[in-house]
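The values are calculated or read from the model by the stated rules, or taken from the named source; none is laboratory data. Note that the coordinates shown come from a computational prediction; the quantities given were computed from them, not determined experimentally. Here Cβ is always computed from backbone atoms with ideal geometry, including for glycine, and neighbour counts include all displayed protein chains.
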Ligand code: HEC
């Protein structure tokens, strides 16, 4: 009984259930980032082959990168000088944005869903008044169903940007689980060793 529980515990530690559902959200967010945000924003610290770390196959990444190199960073599709002319500013790189703003992914989510139409019929943003970024999902005009769909996309892309700001986080968690499993194993061994030693002493 006790042995099977220990084995079960070790199994959970070494093969955790984590990551599965979140990973698909990260993947959905990657599509949004590439198809929408990447038109104006770079993610210069993320390369196409990094996308395999979130579970995309090589074939899927090939389809996403088009004629770009596998090792190329996700640079904006617009030239910075064109962006300056169009928006009056160069859209900031998004690789580390989830770390750069207080609130991280929550901030990004609130900002991209924060567009509304004011009394004068102008688009405003309640998180970043006067922002030069357009309402890319047109949430200000959306009806309830449209809003819900946009909010889902915004959540997905925020989760992706949180991953992008620390792509090594998952490796660290995995390593941590192995370390914990090792200590659990060591504790069990030492427990039995202690019992054995005390048994020997008890016989004297
Ligand atoms: C049409 C071009 C365009 C697209 C597409 C676009 N952005 Fe932007 N974004 C901008 C511009 C321009 C700024 C700079 C705004 C400013 O400084 O006023 C900006 C700024 C930002 C900022 C920084 C806000 C801050 O606090 O400084 C974030 C975060 C951001 N965008 C996220 C996104 C995400 C996520 C997407 C994709 C869903 C996206 N953007 C798509 C043009 C764009």
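If residue 173 satisfies all but one of (1) closer than 26 Å to residue 96 by Cα; (2) within 16 Å of the ligand (Cβ to nearest atom); (3) surrounded by fewer than 16 Cβ atoms within 10 Å (Cβ to Cβ), what's the number of the condition it fails?
Result: residue 173 passes all but (2).
Of all the residues that make up segment 168-204, how many are part of a helix (DSSP H, G or I) and under 30 Å from residue 52 (Cβ atoms)? Talk me through it step by step, then tell me what you get.
At the first step, the residues of segment 168-204 found to be part of a helix (DSSP H, G or I) are 169-203.
Now drop any that are not under 30 Å from residue 52 (Cβ atoms), which leaves 169-182.
Residues meeting the conditions: 14.
With segment 1-103 as the region, which helices (runs of 4 or more DSSP H) entirely inside it contain at least 1 residues that are in contact with a helix residue (DSSP H, G or I) (Cβ under 8 Å, 6 or more places away or on another chain) and either surrounded by fewer than 13 Cβ atoms within 10 Å (Cβ to Cβ) or at pLDDT below 95 (or both)? Break it down into steps so the answer makes sense when it comes.
Details: elements: 2-14, 20-35, 58-65, 80-87, 97-100.
Qualifying helices (runs of 4 or more DSSP H): 2-14, 20-35, 58-65.
Hey, does segment 109-122 have a residue that's surrounded by fewer than 18 Cβ atoms within 10 Å (Cβ to Cβ), in contact with a helix residue (DSSP H, G or I) (Cβ under 6 Å, 6 or more places away or on another chain) and closer than 19 Å to residue 36 by Cβ?
So far as segment 109-122 goes, no, none of its residues is surrounded by fewer than 18 Cβ atoms within 10 Å (Cβ to Cβ), in contact with a helix residue (DSSP H, G or I) (Cβ under 6 Å, 6 or more places away or on another chain) and closer than 19 Å to residue 36 by Cβ.
Somewhere in segment 125-132, is a residue closer than 28 Å to residue 48 by Cβ, more than 10 Å from the ligand (Cβ to nearest atom), part of a loop (DSSP other than H, G, I, E, B) and at pLDDT 95 or above?
no
Just wondering, is there one or more residues in segment 135-147 that are crowded, with 19+ Cβ neighbours inside 10 Å and not in a loop (DSSP other than H, G, I, E, B)?
Yes, the conditions are met somewhere in segment 135-147.
Give just the number: which of (1) within 12 Å of the ligand (Cβ to nearest atom); (2) under 11 Å from residue 160 (Cβ atoms) does residue 40 not satisfy?
Condition not satisfied by residue 40: (2).
Taking residue 148 as meeting all but one of (1) away from the ligand (no atom under 11 Å from the Cβ); (2) within 23 Å of residue 53 (Cβ to Cβ), write down the number of the exception.
Every listed condition holds for residue 148 apart from (2).
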